[in-house]
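Each reported figure results from applying straightforward, stated rules to the coordinates on display, with no laboratory input. The model shown is predicted, which means the values in this text are computed figures rather than measured ones. Heads up, the Cβs are rebuilt from the backbone with ideal geometry, glycines too, and the neighbour counts pull from every protein chain shown.
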Amino acid sequence: MQVSYLDLKQLNISKEEVLKKAFENVLKSGWFILGEAVDKFEKEFSLFTQTKYCIGVANGLDALILSLKVLNIGEGDEVIVPSNTYIATWLAVSYVGATPIPVEPNIYTYNINTALIEEKISHKTKAIIPVNLYGQAAELEDIRNIAIKYNLYVIEDNAQSQGASYKDKPTGSWGDINATSFYPGKNLGALGDGGAVTTDNEELSQKIRVVRNYGSQKKYYNEIKGVNSRLDELQAAFLSEKLKYLSAENEERVRLAKVYDEELKNVGDLILPQISCNATSVYHIYLVRTKQRDELQNHLTNRNIGTVIHYPIPPHLQEAYQELGYKRGDFPLAEEIAETCLSIPLYPGLSAEQQGFVIEAIRQFFN
């Protein structure tokens, strides 16, 4: 048997007819940039996240960069970021000229440890970017309260957790402004790249709309120096259709995660995902940890089971960030996670037979 880490082909083929219809509607409209499809999806996604405004942009990284830009964060400023995250969170801070200030994770949930944030705040700090990593909401209420105490902005990175919540309030709605990604592998994935910004602040929403479109509200009239970062009509049309399935597919991810939780507990030295008592997870990733990570991955590969390491090198040890002067040992928890983590197959459409095959292969390795 072969089990892919993620079967995007099957996920999208299962929606083939509605996606073809969406394509035909855009083709026949003759309008391909910032038209009815984008407007429709923005309204739908703002309802989904329970925010007042949604602005579609080209990708998740741009969503973060533009969020920082409209908050006037730049040279000389510092932004609190997780030490354990995908590098895009750090890159966005760097691209506006600010400095990322890493904070270690909670070793059980892998999200930023709120108890360690305040000691990293200085007079240069302007914002906190919590990441809802692997599909689980960070401790967003505590982060919000810290931000209020120190007069900081919160920019929520919701790229991996569309549909999760903290204290029954959706992720993507806790920040002053929030960024998400519709990269094809996300829980809500386009058939190409895409992203969005959500907010309850009308002024910030209007600034994002202007800056994403060359700094222009009216064609050829440019108020500011903007960029070209627009969610295109075709991807918006696809996303509108796929959004209809998202809640059910997230429920399927949770069900599959519970099977792993039950069948893999007390197996070897495996550490399974843990969810904060006030949070939910939509299991964008089902990540396990073991000191025998590389050997387990090879064992599963030899049995045609796909796995991924999210992420093998933490941002502070990446060559791209050598100018910050961090060295091995500076963020030991992020390093420990990077050295021991392995993501195993979990996606809507994973059959009981396939999941059972993965479980048995893991058990065999530890036995």
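Give the distance, in whole Å, between the Cα centre of segment 74-146 and the Cα centre of segment 348-363. Centre-to-centre (Cα) distance: 35 Å. Once both labels are positioned 7 Å from their Cα atoms along Cα-to-Cβ, the gap between K52 and K20 label points is 4.3 nm.
Quick one: grab the alpha carbon gyration tensor of segment 246-366, order the square roots of its eigenvalues as a ≥ b ≥ c, and give me rounded if a/c is under 1.5, else prolate or oblate depending on whether a/b is larger than b/c.
Prolate, because a/c is 1.5 or more and a/b exceeds b/c.
Give K15/K52; K69/K225; K52/K225; K43/K186; K69/K219; K167/K207 a once-over and call out the pairs whose C-alpha atoms are over 18 Å from each other. Please report the intermediate quantities before stating the final value.
Working: K15/K52 29 Å; K69/K225 11 Å; K52/K225 26 Å; K43/K186 20 Å; K69/K219 22 Å; K167/K207 30 Å.
From K15/K52; K69/K225; K52/K225; K43/K186; K69/K219; K167/K207, over 18 Å: K15/K52; K52/K225; K43/K186; K69/K219; K167/K207.
Take the alpha carbon gyration tensor of the chain, find the square roots of its eigenvalues, order them as a ≥ b ≥ c, and report rounded if a/c is under 1.5; if not, report prolate when a/b exceeds b/c, else oblate. In terms of gyration-tensor shape, oblate.
Taking every DSSP beta bridge that has both ends in segment 8-240, the antiparallel portion is near 55%.
In the chain the longest region clear of GluC sites (Glu not before Pro) that are loop-assigned by DSSP and have at most 15 other C-beta atoms within 10 Å covers 76-222.
Extension gain, K149 to K327, is 60.9 nm, computed as 0.36 nm per intervening residue step minus the present C-alpha separation. In straight-distance terms, cross-link reach from K120 covers every one of the lysines whose alpha-carbon lies under 20 Å from its own, apart from those fewer than eight places away in the same chain; here that gives K149, K327.
So, with +1 on the Cβ of K and R and -1 on the Cβ of D and E, and no other charges, what is the size of the charge dipole of the chain about its Cα centre, to the nearest 20 debye? Mind dumping the intermediate values first?
Working: 37 positive and 47 negative charges, 136 e Å.
In total the dipole reaches around 660 debye.
Restricting segment 42-105 to trypsin sites (Lys or Arg not before Pro) that sit in a DSSP loop and have at most 16 other Cβ atoms within 10 Å of their own Cβ leaves K52. Computed from phi, the 3J(HN,Hα) profile of segment 74-85 under the Karplus parametrisation 6.51, -1.76, 1.60 (θ = phi - 60°) reads x, 3, x, 8, 10, 10, 6, 9, x, 6, 10, 6 Hz, with x in place of Gly and Pro. Using a Gaussian network model of the chain in which every pair of alpha carbons under 10 angstrom is joined by a spring, one finds that among R289, R303, R253 the greatest mean-square fluctuation is at R303.
Placing +1 on each Lys and Arg Cβ and -1 on each Asp and Glu Cβ, with no other charges, gives segment 246-366 a dipole about its Cα centre of roughly 140 debye.
What shape does segment 144-184 have by the C-alpha gyration tensor, where a ≥ b ≥ c are the square roots of the eigenvalues, rounded means a/c under 1.5, and otherwise prolate means a/b greater than b/c and oblate the rest? Walk me through the intermediate numbers first.
Values: a/c = 3.78, a/b = 1.68, b/c = 2.25.
Oblate is the answer for segment 144-184, as a/c is 1.5 or above yet b/c matches or exceeds a/b.
Listed by number, the DSSP H helices of the chain that run 30 Å or longer by alpha-carbon position along their axis and have mean Kyte hydropathy of at least -1.0 are 233-264. Each of A137, G30, Y150 was scored by the projection of its Cα onto the charge dipole of the chain, and the greatest displacement toward the positive side belongs to G30; charges sit on the C-beta of Lys, Arg, Asp and Glu.
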